[in-house]
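The structure appears right after this line, and notes come after that.
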Amino acid sequence: MEVDIMSAPTDPRYKPLTAWNYFWLQILFNIPVIGLIFLIIFAISPANYNRRSFARSYFCIFIVYAIVLAILIATGGAAALLQSFS
């Protein structure tokens with residue numbers, strides 16, 4: 001039995017995000033406190049799987065940056081980097 005994709009009902013959870021959606025989500029996620037709240041909400045929300053996946057990937061990058069920053073601070077590398085810029 002063949003399934004006709006065009007006549008199948010579309011599930012809004014699988015609706016693809018446009019380039020503008022990704023752009024505005026990145027702007028939203030970069031707002032200091034509000035962005036983190038929305039990032040967590042979108043990462044656990046089942047409303048749209050594409051938005052959830054993007055939020056999770058953005059959250060993973062946030063974690064990697066936090067780990068690198070913690071290592072730099074712990075080893076004094078941050079002071080060396082700041083001193084090299086001045």
Tally of residues being open to solvent by less than 80 Å² (accessible area, probe 1.4 Å), in a helix (DSSP H, G or I) and within 13 Å of Leu25 (Cβ to Cβ) across segment 43-58: 9
Filtering segment 1-22 down to residues that are modelled with pLDDT of 90 or more, outside any loop (DSSP other than H, G, I, E, B) and loosely packed, with under 11 Cβ neighbours inside 10 Å yields Ala19, Trp20
Options Ile40, Ile61; residue that is assigned to a helix (DSSP H, G or I), touching a residue at least 12 places away in the same chain (Cβ under 8 Å) and aliphatic (A, V, I, L, M): Ile40
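The values are calculated or read from the model by the stated rules, or taken from the named source; none is laboratory data. The structure presented is a predicted model; accordingly, all values stated were derived computationally and were not measured. Using ideal geometry, Cβ is built from the backbone for each residue, glycine included, and neighbour counts are taken over all protein chains shown. Areas reflect the complete protein model, heavy atoms only, side chains present, ligands, DNA and RNA absent. Shrake-Rupley method; radii C 1.70, N 1.55, O 1.52, S 1.80 Å.
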